[in-house]
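Taking it in order: structure first as structure tokens, then the write-up.
Bear in mind that the values in this text are calculations on the coordinates, not laboratory data. A quick note: this is a predicted structure, and the numbers were derived from the prediction, not measured. Cβ atoms come from the backbone with ideal geometry, glycine included; neighbour counts cover every protein chain shown.
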Amino acid sequence: MLKGKHVTLRGLELEDAEEAFEHFNDAEVRRFIGGPRPVSKQEEEEWIRSTWAKRKSGRGHVFGIELNKSQLLIGCCELTDISPIHRGAEMGIVIFNKQYWGQGLGTEALRLLLEYGFKYLNLHRVYLRVNEKNKRAIRSYLKVGFQQVARYRQAEFLDGKYTDVFLMDILAEEFKPT
Ligand SMILES: CC(C)(COP(=O)(O)OP(=O)(O)OC[C@H]1O[C@@H](n2cnc3c(N)ncnc32)[C@H](O)[C@@H]1OP(=O)(O)O)[C@@H](O)C(=O)NCCC(=O)NCCS
């Protein structure tokens, strides 16, 4: 478990499928992460099982994001596609309970995840892809030290239009835990 001031990153349990299911069919939550394709409770459970297999194989580490005050699960985040040679990994995050957006919790979870990746997994570089319209996410990535390194043109079809996607990354030496 990785404990911050307001949130803790922990492994996912099958019982978490209920809370994830509650929020994952919300089109606003899914706007930048796969769109409003419906998800069933069983699919949530299958996904949770897949996170355990991923961790065991060393391909990735997926965490639930839990509020310290109430132990409510509000989201999840991951380091995935870990390269044992290049020491790189892709990062993903969602605060699926949108009541908790814009309170600094996503940024705190990101810092915990990066600290885990750089200090514990000995990663050298973490990268991510984000839609250009996802201003809230871009702002939180910039706050923890990611920089934009490339633009994939017209890479995603969003709200009826092709939109660009940014590639952002951060090196271990650039990360400053606060
Ligand atoms: C992206 C996400 C993880 C960020 O977590 P969060 O807890 O909401 O973010 P934080 O509160 O830590 O930081 C958000 C920052 O964006 C800013 N922000 C919010 N809306 C903004 C906008 N429209 N334009 C610019 N900045 C904006 C906030 O003011 C804050 O910056 P500040 O601390 O300097 O004021 C969360 O919003 C989320 O899960 N969104 C849906 C899923 C998603 O998009 N995941 C990322 C896919 S790449």
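Could you pull out the trypsin sites (Lys or Arg not before Pro) across the stretch 1-67 that fall in loop regions by DSSP (anything but H, G, I, E, B) with no more than 14 other Cβ atoms inside 10 Å?
Passing sites in the stretch 1-67 are Lys5.
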Asp81-Gln99 pseudo-label distance in nm [points 7 Å out on the Cα-to-Cβ vector]: 3.5
Of the GluC sites (Glu not before Pro) in the stretch 1-89, those whose Cβ has at most 13 other Cβ within 10 Å and which sit in DSSP loop: Glu13, Glu28
For the stretch 25-178 the translational diffusion coefficient, Stokes-Einstein from a Kirkwood Rh over Cα pairs at 4 °C and viscosity 1.567 mPa s, in µm²/s, is roughly 79
Under the helix-only model (-39500 (n - 2.57) for each DSSP H run of 4 or more, divided by the residues of the chain), the mean residue ellipticity at 222 nm, to 500 deg cm²/dmol, is -8000 deg cm²/dmol
Just report the Cα centroid separation between the stretch 1-78 and the stretch 107-178, whole Å. 19
If you take the beta carbon distance between Asp159 and Val39 as r and set R0 to 25 Å, what does 1/(1 + (r/R0)^6) give as a FRET efficiency, to the nearest 0.05? 0.80
Above-threshold pairs, the threshold being 29 Å between Cα atoms, out of Lys3/Lys135; Lys98/Lys161; Lys41/Lys176; Lys5/Lys41; Lys54/Lys98; Lys54/Lys119: Lys41/Lys176; Lys5/Lys41
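To make sure I understand, if each residue's beta carbon is the centre and we count other beta carbons within 10 Å, what order do Leu12, Leu2 fall in, fewest to most?
Ranking Leu12, Leu2 by Cβ neighbours within 10 Å, fewest first, gives Leu2, Leu12.
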Where does each of Ile74, Ile138, Ile85 land when they are ranked from fewest to most other beta-carbon atoms within 10 angstrom? Ile85, Ile138, Ile74
